[in-house]
1. Stretch S158-T453 to full length: gain in nm at 0.36 nm per residue minus the Cα-Cα span?
2. Apply 1/(1 + (r/R0)^6) to the Cβ-Cβ distance of A133 and Q289, taking R0 = 35 Å, and write down the FRET efficiency to the nearest 0.05.
3. Name the residues whose placed amide hydrogens come within less than 5 Å of the amide hydrogen of G241, ignoring near sequence neighbours (fewer than 5 apart) on the same chain.
4. Considering amide H positions built from the backbone, and no H for Pro or chain starts, which residues 5 or more places from L333, or on another chain, come under 5 Å of its amide H?
5. Obtain the radius of gyration and the Kirkwood radius of region 176-277 from its C-alpha atoms and give Rg over Rh.
6. For Cα Rg over 2.2 N^0.38 Å, pick the label among [x] 1.72; [y] 1.62; [z] 1.04 that corresponds to the value derived from the coordinates.
7. Give me the distance in nm between label points sitting 7 Å out from Cα along the Cα-to-Cβ direction at R443 and T477, one decimal.
8. Can you give the FRET efficiency for L118 and A166, using 1/(1 + (r/R0)^6), R0 = 30 Å, r = Cβ-Cβ distance, to the nearest 0.05?
Amino acid sequence: MMHVVVTAGHVDHGKSTLIRALTGRDPDRLEEERRRGLSIELGYAWTDLPGVGEVAFVDVPGHQRFVSTALAGMGPVPVALFVVAADDPWMPQAEEHLAALDALGVEHGLLVVTRADLAEPAEAVRQARARLARTSLARAPHVVVSGRTGEGLDALRSALADVLHAVPEPDPDAPVRLWVDRQFHVRGAGTVVTGTLAEGTIAVGDRFEMDGAPVRVRGLESLEAARDRVSGVARVAVDLGGRAPDGIRRGRALVTPGSHPLTETVDVELRGDGAPPERPVLHVGSSSQEVRVRPLAGNLVRLGLGEPLPLRTGDRAVLRDPGSRTVWGVRVLDSAPPPLTRRGAAARRALVLSGQAPPAEPEPERAPEEAPEPAPDPAVEQALDRLAAHLSGRPFAAPDAAELAAIGLDDATAARLHRAGRVLRVAPGVVLLPGADSEAVDRLAELAPPFTTSAARQALGTSRRVALPLLAHLDRTGRTVRLADDTRRLRGTRER
């Protein structure tokens, strides 16, 4: 298993020097970076850590001008090396990086006090520990080092190994969402994208989507070695060949078909002080874009995105006001919310999101009385028979994209059949039989509340690709209540 670690901290506090000392590789790739001694872009380096294995580092710039680049590196990475210098006071960019890591809920990390050869480190340790105590990194251990002399590096390796051993192993069968942090063209190969694979597995020959367009994996590398298959967490470079869609850039994502529908509107819960401005910047994964904020009530708001993103319920992100540098943590509560068209709809929506009111049932669509009922389409009826056969005895084993194609159900047809009540389409590409949601409630009733997503997935006998949108559907229709810690209970039940 590989581990991926991101650096964080103020400019010129020794992040890149530390990575060079740990790995023997220079994370600064650009000539300008080496000339100026200043990281401008994301840097990458790796090493074999005794007792752990492969560890890749994403080195982010610490200057305030490059904060969006830094957040693009932090977004998908589960472990942080938070770096402060012994010979400097607590600095603004350290504060902003720490706020971002806290907003993303990063709990696994290590506080590293560098440049111990230049000053007594005790005061820097005290200041940093006091700041970290109010964040998700409160329990992070600390070490004191000098990247120049090598003092403390063995202790750093040992402490980092302990941290990495405590990181939960990700699900190799989870749907893939690879946020692109670098894109380039290789002559004779094609378009290559790189990113941090947080969970799931990518293999040569796999088919994915990017912004709804189909792509295929022509080649795969990790840490500059060709691989047939890579599972998260890992740094990967994916060759998409010469027919990759236009517009690939940092902030786009490679996803398992049907797993992460594109959305332009999300309802979210904010964590932080004060209210955000009307047009802050949303940072999620490696993406960064200005969004519109519509308050609902309290810390619940609706975000309107300028560009659609593959988001899902439970995603964490950072909302940032570039002017004041204020940061808010974001947790997505609904990635496909209903429109707010009536007076008082925002307040009612807030009650639904907080579990204080059931969602309103949508008006059923009715054909005009004079319109004759259309004749059955034999191809559709045969597809429905094949779907029923596929789900026989496995009501939550929704067919994947290839299986749906073989069955003969495209997503537009599935959506139409869902409106007619003939299938249950809980998300694009995730199609079940009518009544599967009620059967899911019956199975979930056997779990002790509150239950985790993993426990629900096991009770339903399905994958995360199906469990996540099905649980979100149950949330929207008022059968389940999602709690602040991402667990759930059935509506009307209490914790035992």
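1. That works out to 102.9 nm of additional length.
2. Efficiency computed from Cβ-Cβ geometry: 0.60.
3. Under 5 Å from the amide H of G241: T191, R218.
4. It is D267, V268, E269, G314, by chain and number.
5. Here the Rg-to-Rh quotient is 1.05.
6. Here Cα Rg over 2.2 N^0.38 Å agrees with entry [z].
7. Label at R443, label at T477, 1.5 nm between them.
8. Once rounded, the FRET efficiency stands at 0.45.
Where a number appears in this text, it was derived from the coordinates with a stated rule and is not lab data. None of these values were measured; they are calculated from a predicted model. Ideal geometry is used to build each Cβ from the backbone, glycine not excepted, and the neighbour counts take in all protein chains shown.
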